[in-house]
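**Q** One structure, as structure tokens, below. Some questions next.
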Amino acid sequence: MKNKLSIIIPTWNTAAITLKCIQSIKKYLPPSGQPPNPQIIVVDNASTDNTLALLQKENITLIKNSKNLGFAKACNIGAKKAIGDYLLFLNSDMELPNHKLIDMLKFLQKNPRIGAIGPQFLNCDKTIQDSVFPPQTLINAFKKFWLNQKTYSKYTPKRKKPSAVWAISGGAILIKKKLFKKIGGWNEKYFMYFEDLDLCRALHRHHKQIYYYPPSKIIHRHGASGKNLADSDNQWRRLIPGAKKYHGLLTYYLIWFIIKTSQKWQKPN
């Protein structure tokens with residue numbers, strides 16, 4: 001890593017998996033014989049489990065918030081402590097399976113038109129997990145919910161080579177610090193969810209590309225970092241506040257109308 005990499009991990013009551021994430025970083029970054037080590041910054045959102053006690057034993061920068069400030073604000077707080085030229089924002093429920101994340105960093109360094117880049121997500125059983133978003137437009141919502149086309153939900157690009165996409169999941173997103181500051185960082189009006197779509201939209205406005213980089217892979221224990229926020233039957237409700245902020249109320253309710261009417265129309269007798 002020619003330029004220092006800072007890895008920022010927000011966490012809330014995920015002690016064991018956060019530790020596992022940190023240990024995988026220390027194991028695989030950098031590859032053998034390639035200094036320097038990345039800076040690891042963990043921002044704890046006032047966890048009530050044993051997160052602090054567990055992580056204080058690690059050689060990391062540990063920031064303790066007095067209350068749960070949400071994903072976006074925690075990431076911005078961590079970014080202020082970053083000394084690297086590049087920032088990797090990482091969910092606490094991520095685990096590196098190898099050192100290939102360095103290849104993604106090198107690819108970003110060589111391509112200044114790219115604003116943000118993300119690896120391929122894997123489930124715990126190593127199957128591929130969807131992590132790319134198409135444009136979240138009304139027409140794409142209509143095609144998805146009325147015509148059953150894959151135009152709105154997360155997906156995995158068919159190409160095995162790096163490719164430009166509309167948006168990537170914020171679970172693992174790499175960006176140059178200078179550009180991150182230029183666009184104003186993460187939008188703190190989002191507490192959790194949709195902040196990644198908002199970040200990618202801001203990068204598009206600055207004429208930057210978003211890239212999906214499948215040669216680098218990362219294991220994602222999907223939902224583990226947010227499972228304590230709601231029971232399984234109500235997990236979808238967590239998306240509503242962010243969706244309203246991202247789309248605006250008019251577009252949000254139009255999309256809601258498209259979904260509801262499609263469900264009623266397609267409901268079997």
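The values are calculated or read from the model by the stated rules, or taken from the named source; none is laboratory data. Keep in mind that this is a model prediction, so the values were computed, not measured. Cβ: placed from backbone, ideal geometry, glycine included. Neighbour counts: every protein chain shown.
**Q** For residue 225, work out the one condition from (1) crowded, with 19+ Cβ neighbours inside 10 Å; (2) modelled with pLDDT of 80 or more it doesn't fulfil.
**A** Single failed check for residue 225: (2).
**Q** What single numbered condition from (1) hydrophobic (A, V, I, L, M, F, W, C); (2) touching a helix residue (DSSP H, G or I) at 6+ places or on another chain (Cβ under 6 Å); (3) buried (at least 18 other Cβ atoms within 10 Å of the Cβ) fails to hold for residue 202?
**A** Among (1) hydrophobic (A, V, I, L, M, F, W, C); (2) touching a helix residue (DSSP H, G or I) at 6+ places or on another chain (Cβ under 6 Å); (3) buried (at least 18 other Cβ atoms within 10 Å of the Cβ), residue 202 violates only (2).
**Q** Going through the stretch 100-147 one residue at a time, which ones are hydroxyl-bearing (Ser, Thr, Tyr) and surrounded by 15 or more Cβ atoms within 10 Å (Cβ to Cβ)? First the steps, then the outcome.
**A** Just the residues of the stretch 100-147 that are hydroxyl-bearing (Ser, Thr, Tyr), to begin with: 127, 131, 137.
Result: 131, 137.
**Q** Among residues belonging to the stretch 1-20 that are outside any helix (DSSP H, G or I) and more than 19 Å from the chain's Cα centre (by Cα), point out the one that is modelled with the lowest pLDDT.
**A** Filtering the stretch 1-20 down to residues outside any helix (DSSP H, G or I) leaves 1-14.
Restricting the remaining residues to those that are more than 19 Å from the chain's Cα centre (by Cα) gives 1-4.
On the way: 1: 51, 2: 55, 3: 62, 4: 89.
Checking each candidate, the answer is 1.
**Q** Mind checking whether some residue in the stretch 48-58 is at pLDDT below 95 and small (Gly, Ala, Ser)?
**A** Yes, because at least one residue in the stretch 48-58 is at pLDDT below 95 and small (Gly, Ala, Ser).
**Q** Quick test for you: out of 194, 133, pick the one residue that is aromatic (Phe, Trp, Tyr), more than 26 Å from residue 84 (Cα to Cα) and in contact with a helix residue (DSSP H, G or I) (Cβ under 9 Å, 6 or more places away or on another chain).
**A** Criteria check complete, one pass: 133.
**Q** Inside the stretch 197-207, can you point out the residues that are modelled with pLDDT of 95 or more, not aliphatic (A, V, I, L, M) and not in a loop (DSSP other than H, G, I, E, B)?
**A** 200, 201, 204, 205
**Q** Considering only the stretch 151-181, state which residues are within 17 Å of the chain's Cα centre (by Cα) and part of a strand (DSSP E or B).
**A** 155, 164, 165, 167, 168, 172, 173, 174, 175, 176
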